[in-house]
Amino acid sequence: MSSDLDALTRVVYGEARGESDEGKKGVAWTVINRSKKSGKSIKDEATKKSQFCCYSGEMKEKAAKESCQKIAQDAINGANSDPTGGATFFYSGKTVPSWAKGLEPCATIGGHKFFKGIAPYK
């Protein structure tokens, strides 16, 4: 059975292992912000169907996994602050998803754009 830490580490690894620590923190905090808004566990938010495309799979890069796990643990413990200002959604890449069209990101960190105030996490 997966823990909150394992689930959050997997999201950070899958979505941001190539980003700076600040970018990894942004991804971690997005999941935590969702958890706080929904009242569900971090694990429940991290494993929600069709939310984080890079959740599943092995974490083969040891150094990247360790970095992502430390950032996830620090975020869970409140040892680092939310660099997104409360984001509950993000995307990376050049293709803008339909939910983000016309919206202004609350933060841009590395290759990720972060958003808040979007249903169901208003």
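Numbers at a glance
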| item | result |
| --- | --- |
| Residues located in the range 64-122, provided they are among the acidic types (Asp, Glu) and either open to solvent by less than 50 Å² (accessible area, probe 1.4 Å) or on the phi > 0 side of the Ramachandran plot (or both) | 74, 82 |
| Residues of the range 97-113 that turn out to be more than 19 Å from residue 50 (Cβ to Cβ) and in contact (Cβ under 8 Å) with a residue 40 or more places away in the chain, as a count | 4 |
| Residue within the range 11-23 that is in a loop (DSSP other than H, G, I, E, B), charged (D, E, K, R) and either at negative phi or open to solvent by 60 Å² or more (accessible area, probe 1.4 Å) (or both) present | yes |
| Subset of the range 41-62 that is over 20 Å from residue 99 (Cβ atoms) and either outside any loop (DSSP other than H, G, I, E, B) or modelled with pLDDT of 95 or more (or both) - its residue that is most open to solvent (accessible area, probe 1.4 Å) | 62 |
| Leading residue by the ranking (nearest to the chain's Cα centre (by Cα)) among those in the range 12-42 that are more than 18 Å from residue 78 (Cβ to Cβ) and not small (Gly, Ala, Ser) | 15 |
| Tally, over the range 70-96, of residues that are in a strand (DSSP E or B) and touching a residue at least 40 places away in the same chain (Cβ under 8 Å) | 3 |
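The values are calculated or read from the model by the stated rules, or taken from the named source; none is laboratory data. Model, not experiment: these values are computed from the prediction. Please note: Cβ atoms are built from the backbone with ideal geometry, for glycine as well, and neighbour counts cover all protein chains shown. Areas reflect the complete protein model, heavy atoms only, side chains present, ligands, DNA and RNA absent. Shrake-Rupley method; radii C 1.70, N 1.55, O 1.52, S 1.80 Å.
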